[in-house]
Amino acid sequence: MGAIKSRKEVKQEDTWDLSDFYPNEEAYEKDLKEIKQQIQKIKEMKEKFLENVDTFLACLTCSTELDRKLGKAYIYASLKFDEDQGNAKSQERKGKIELLQNEAVQETAFIRPSILEADEKTIRTYLKDERLQDYRHTILDLLRYKDHTLSSQEEKLLASFHNVFKSNDRTASYVRNVDLTFGKVTNEEGEEIELTNSNYAKLITSNSRKVRKDAFETLYKGYASMKNTLSSTYEATIEQDVVSAKVRGYKDSLSMYLYEDKIDCSLYENLIQKVKGKLSSLFRYFFLKKEILGVDQIHLYDLYAPLVEESTKTYTFQEAQEMVLSALSILGDDYQTLLKRAFKERWIDKYPNKGKRGGAYSWGCYDSNPHVLLNFDGTMESISTIAHELGHSLHSYYSIHNNCYQDHNYVIFLAEIASTVNEMLFYNYFLKHSKDRKEKLLVLNEMLDMFKATIYRQTMFAEFELKAHKKREKGDVLTQDTLSQMYYDLNREYFGKDVVVDDEIRYEWLRIPHFYTPFYVYQYATGLSVACYIAKNILEGKEGFKEKYLAFLKTGGRDYPLELLKIVEVDMENGTVIEDAISYMEELLDEFEKTYNEK
């Protein structure tokens, strides 16, 4: 791809067009002024908020307009920041909008508790007014929280601690990414390099076992040196969860976090049971790795080693675009038209540049197109990333264009489904059309690693979170030794007796940022499982199923996730979707072995 360019050197056609947010900086600044005015206006409405249906509607309308305008400004500032995080103007813009967002959170904090403190019959009477139709689902959902909400003054006090409550995560992030140094390791070329969290991913997938072992031991030696600090930040996060659940009247922390999506704790626990009941499939995968790598014993640092030699073949962005369009044509003309718009209308920021955020994501607001940040490098993996992120984008597009503002946001529980469906369709298309045995093996290897990482690994994380929270809720003290031993024991269980579970792995949990967003990771496992079911039915041409899937994409957040999944015939509560996904992994193992043994 050549030397990395500065942002100014990148061709305009390779960048995203954010003019659908604001045509210029003056328009952005104008919105900031209006946001400040709306915050003031809401403050003035507080006393008369529930006086009658007109004042009730007026305040809700103003709050919605504020949220919509603030979201637009915040996302725009964030996208501009991420395209070049070293740009001083972008840093200042993002800092200002974050302060304004915090002010808005505090000044609108009275709305929720005021509704819940009011006479419920009065609120339900207000909702009969046709002018409040768009607020019905939101308000009725809010009424569920009556027993879990504090007084207006108490809620405002808690809202003022919004940034304080993020401090554990912030501190842990600074330790992991700034303060912590690991030392040097020797790479495959014999060069001594400084180990970082970023280059660890490449080193642990090295073909050299010595490099993998050295990187593994060096990384976790570094984390062990910070074990008390990072244990303290996580213990404080758990303590915050336990206290919040108790103060708000929830049974426990898990119940509190699942309540928003109306999900019973049994679903979370059932996921763990179903996955653990199918560990034999994961053990088979590890045995396959051991055989192909030709080692007497397989260690944890061997599990990321590629089963086949990495391909040096790369693709242009134009070739990637054509492959994605072809792979996803199975979803029909309307979906295809939107995909072509994404490429033609510059929804996508394609290549790396100096200061640009790494990785990839899709993000937009109700008043813009969804936009995709990429760091395309021409590899097969980066093409699957395009398909993945456009899955998010089109899910958002359909949700926005088929729902009012109040109901357009789909919840996290559903967020990874559309993106993973696209990924599965892309992989299946490639396997069907490629005549290159080596590339097929690479794709199969990537798919198997996805199942290992997304269903098994994330479920292990989910069980660790649950055990840690339950232990604290029983009154036990969470020490570094307690948490690390708990994590080590789970690794031994999930990796089985044929894998050497190296002692250093007891410190791996210290580096997982998702633990600071409690009870989040299980949704990766459920999302992949649902995506497998949907992709399978689409590929098999089940009558009417594609139409059901597109209807699902248009639902946004107008109902609870488990209800919306019934549109695509998914009943998450019986757990068969999890088992079916693991059965599909077993089919991929069969296909890998068959292709690998071909002459």
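For segment 90-127, the tally of residues that are over 27 Å from the mean Cα position of the chain (by Cα) and of a type in the set (A, V, I, L, M, F, W, C) stands at 7. Has segment 526-546 got any residue that is closer than 15 Å to residue 577 by Cβ, touching a Phe, Trp or Tyr at 6+ places or on another chain (Cβ under 7 Å) and either aromatic (Phe, Trp, Tyr) or surrounded by fewer than 16 Cβ atoms within 10 Å (Cβ to Cβ) (or both)? No: segment 526-546 contains no residue that is closer than 15 Å to residue 577 by Cβ, touching a Phe, Trp or Tyr at 6+ places or on another chain (Cβ under 7 Å) and either aromatic (Phe, Trp, Tyr) or surrounded by fewer than 16 Cβ atoms within 10 Å (Cβ to Cβ) (or both). Among residues of segment 295-324 that are of a type in the set (Val, Ile, Thr), those with a beta-carbon under 6 Å from a residue that is surrounded by fewer than 19 Cβ atoms within 10 Å (Cβ to Cβ) at least six positions away or on a different chain give the pairs 298/290; 314/378.
Listed here are the residues, each with its yes/no results for (1) of a type outside the set (Ser, Thr, Tyr); (2) on the phi < 0 side of the Ramachandran plot; (3) touching a Ser or Thr at 6+ places or on another chain (Cβ under 9 Å).
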| site | (1), (2), (3) |
| --- | --- |
| 457 | yes, yes, no |
| 461 | yes, yes, no |
| 467 | yes, yes, no |
| 471 | yes, yes, yes |
| 479 | no, yes, yes |
| 484 | no, yes, yes |
| 488 | no, yes, no |
| 491 | yes, yes, no |
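Which members of segment 124-143 meet the condition of being assigned to a loop (DSSP other than H, G, I, E, B) and surrounded by fewer than 13 Cβ atoms within 10 Å (Cβ to Cβ)? Within segment 124-143, just 128 meets the criteria.
I'd like to check something: does segment 496-512 contain any residue that is buried (at least 19 other Cβ atoms within 10 Å of the Cβ), in contact with a Leu (Cβ under 6 Å, 6 or more places away or on another chain) and of a type in the set (A, V, I, L, M, F, W, C)? The answer is yes, given that some residue of segment 496-512 is buried (at least 19 other Cβ atoms within 10 Å of the Cβ), in contact with a Leu (Cβ under 6 Å, 6 or more places away or on another chain) and of a type in the set (A, V, I, L, M, F, W, C). Filter segment 176-197 down to the residues that are in contact with a strand residue (DSSP E or B) (Cβ under 7 Å, 6 or more places away or on another chain), among the aliphatic types (A, V, I, L, M) and in contact (Cβ under 8 Å) with a residue 24 or more places away in the chain and list them by number. Selection gives 185, 195. The C-beta contact set for segment 560-576 (first residue in contact (Cβ under 8 Å) with a residue 60 or more places away in the chain and exposed (fewer than 15 other Cβ atoms within 10 Å of the Cβ), second residue assigned to a loop (DSSP other than H, G, I, E, B) and not β-branched (Val, Ile, Thr), distance under 8 angstrom, 6+ apart or interchain) comprises 573/264. Residues of segment 229-244 that are closer than 13 Å to residue 510 by Cα and not polar (S, T, N, Q): 230, 234, 235.
Only one entry in 508, 573 is more than 21 Å from residue 388 (Cα to Cα), of a type outside the set (Ser, Thr, Tyr), part of a helix (DSSP H, G or I) and at pLDDT 95 or above, namely 508.
Screening 295, 324, 243 for residues that are β-branched (Val, Ile, Thr) and within 30 Å of residue 166 (Cα to Cα) leaves exactly one candidate, 243.
Taking segment 158-186 as the range and being under 26 Å from residue 104 (Cβ atoms) and outside any helix (DSSP H, G or I) as the test, the residues that pass are 161, 162, 163. From the set of residues in segment 333-355 that are over 14 Å from residue 321 (Cβ atoms) and among the hydroxyl-bearing types (Ser, Thr, Tyr), which is surrounded by the most Cβ atoms within 10 Å (Cβ to Cβ)? Taking the candidates together, the pick is 335.
Here's the yes/no breakdown for (1) among the β-branched types (Val, Ile, Thr); (2) out of contact with any Phe, Trp or Tyr (no Cβ under 6 Å at 6 or more places or on another chain):
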residue: 62; (1), (2): no, yes
residue: 78; (1), (2): no, yes
residue: 82; (1), (2): no, yes
residue: 90; (1), (2): no, no
residue: 102; (1), (2): no, yes
residue: 110; (1), (2): no, yes
residue: 125; (1), (2): yes, yes
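For segment 209-228, check the following and say yes or no: at least one residue is over 16 Å from residue 510 (Cβ atoms) and surrounded by fewer than 17 Cβ atoms within 10 Å (Cβ to Cβ). Yes, that holds for at least one residue. Filtering segment 284-328 to residues that are outside any helix (DSSP H, G or I) and either within 26 Å of the chain's Cα centre (by Cα) or of a type in the set (A, V, I, L, M) (or both) leaves 295, 298, 303, 304, 305, 306, 307, 308, 328. In segment 265-283, which residue that is of a type in the set (Lys, Arg) and part of a helix (DSSP H, G or I) is nearest to residue 208 (Cα to Cα)? Ranking the qualifying residues of segment 265-283, first place goes to 276.
Per the conditions (1) at pLDDT 95 or above; (2) not in a helix (DSSP H, G or I), the sole criterion not satisfied by residue 378 is (1).
Each row is one residue, and each column tells you yes or no for (1) touching a strand residue (DSSP E or B) at 6+ places or on another chain (Cβ under 9 Å); (2) in a loop (DSSP other than H, G, I, E, B).
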position	(1), (2)
343	no, no
353	no, yes
362	yes, no
390	yes, no
399	no, no
413	no, no
421	no, no
427	no, no
441	no, no
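Within segment 473-487, restricting attention to residues that are surrounded by fewer than 19 Cβ atoms within 10 Å (Cβ to Cβ) and in a helix (DSSP H, G or I), the residue that is nearest to the chain's Cα centre (by Cα) is 486.
Of the candidates 390, 394, the single residue that is on the phi < 0 side of the Ramachandran plot, aliphatic (A, V, I, L, M), buried (at least 20 other Cβ atoms within 10 Å of the Cβ) and over 15 Å from the mean Cα position of the chain (by Cα) is 394.
The values are calculated or read from the model by the stated rules, or taken from the named source; none is laboratory data. All figures in this text were calculated on a predicted structure; none of them were measured in a lab. No Cβ is skipped: glycine too gets one built from the backbone with ideal geometry, and neighbour counts run over all protein chains shown.
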